[in-house]
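What follows is one structure encoded as structure tokens, with my remarks underneath.
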Amino acid sequence: MTIGIVGLGLIGGSMAKSAKARTAHTVYGADLDGETLSLARMCGAMDAPLTAENLGECDLILLAVRPSAAVAWTAEHGGEISRDAAVVDLCGVKRSVAAGMEPLARKYGFAYVGGHPMAGTERSGFTASREDLYVGASMILTPPGQTDPRLLETLKNFFLDLGFAGITFSTPEEHDRIIAFTSQLAHIVSSAYVKSPEAVRRRGFSAGSFRDMTRVARLDEGMWTELFLDDGDFLTEELGILIGHLQEFQDALRRRDPEDLRRLLKEGREAKAQAGGN
């Protein structure tokens, strides 16, 4: 296949590096930053820049940019995309992107499938991208109704070739509801936690717990603001649940109630066991 990747940051850059390292596909890349394009070309992450002249050659286009930028790019370039091509966005929310992309796909005749690679680091940019970022990760796909099963099989095989351990099929609604809890809420908690005055005095007093709690506070505030607002309904609901549980702990501490504290901690331990995972 010939693959076009729009946005060569952590996610798109890792897609490019992985495709070149693990497949025989041709990769064209586009990025607003000229230095990033030069780096991608020099390190072999792409074969050539993605241009208006070669966009029509692409069998698969991956949009590794913010949600609004993904829709805007497609609206601008939709007429140049082959009717035989598939466009997959890699954004962290799906409802708002699908609402913008599905009408464009119908207008211009290409196939659209929402996607979200469940992998990343707290660092961003092409220099943070890695060929092995997706090894063992889950790839979520949210295809519209009536999507050709042959296309889904092609996409499944492509992402498995990049090292993903499995493909999870979902709907935009289900995706956004669950991601509000598993990803977005964790970023808010980390950002709020590290704002304590004690954070600057913690040296010599912190170990793995502090590191785990604060890792994702090193985020791109512009991108995450957009993701939070696009998923604001589900995220607000999850915040309410969390605040309620935190209030229970604070109340038990104020009462100096060991039995209630023990109960709350036991509930958390059992909930973790039921949820599974590391």
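The values are calculated or read from the model by the stated rules, or taken from the named source; none is laboratory data. Every value quoted in this text rests on a predicted model; they were computed, and no experiment measured them. Positions of Cβ are backbone-derived with ideal geometry, glycine not excepted, and every protein chain shown enters the neighbour counts. Just the protein is used for accessible areas: all its heavy atoms, side chains included, with ligands, DNA and RNA removed. Shrake-Rupley method; radii C 1.70, N 1.55, O 1.52, S 1.80 Å.
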Going 7 Å from the Cα of ASP33 along its beta-carbon direction, which residues of segment 212-230 have the amide nitrogen within less than 17 Å of the resulting point? 218-224
How tilted is helix 221-230 with respect to the longest principal axis of the chain? Cα atoms for both, answer in degrees (0 to 90, nearest 10). 90 degrees
With only helices counted (DSSP H, runs n ≥ 4, each -39500 (n - 2.57)), the per-residue ellipticity at 222 nm for the chain, to the nearest 500, works out to -15500 deg cm²/dmol
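Top to bottom by accessible area (1.4 Å), largest first, where do GLU237, GLU226 land?
Details: GLU237 110, GLU226 35 Å².
Reading off the accessible areas and sorting them downward yields GLU237, GLU226.
With +1 on each Lys and Arg Cβ and -1 on each Asp and Glu Cβ, how big is the dipole of the chain about its Cα centre, in debye rounded to the nearest 20? Display every interim value, and only then the final one.
Details: 30 positive and 38 negative charges, 231 e Å.
For the chain, the charge dipole is close to 1120 debye.
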Taking the 0 to 90 degree range and rounding to the nearest ten, how far is the long axis of helix 10-22 tilted relative to the main principal axis of the chain, both from C-alpha atoms? 60 degrees
Rounded to the nearest 5, the percent of DSSP beta bridges in the chain running antiparallel is 20 percent
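So for segment 54-179, averaging the separation of alpha carbon pairs under 8 Å that are six or more residues apart and normalising by length, what relative contact order in percent results?
Details: 198 pairs, mean separation 28.4, N = 126.
Computed value for segment 54-179: 23 percent relative contact order.
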J(HN,Hα) series, segment 196-203, from Karplus relation 6.51 cos²θ - 1.76 cosθ + 1.60, nearest Hz, glycine and proline x: 4, x, 6, 4, 7, 10, 7, 4
With the 1.4 Å probe rolled over protein heavy atoms, segment 144-278 has an accessible area per residue in Å² of 69 Å²
In the list (1) 0.97; (2) 1.02; (3) 1.13, the entry giving Cα Rg over 2.2 N^0.38 Å computed from the coordinates is (3)
Please report how far the C-alpha centroid of segment 210-275 lies from that of segment 79-158, rounded to the nearest whole angstrom. 30 Å
Share of the chain's accessible area from carbon and sulfur, percent, 1.4 Å? 54 percent
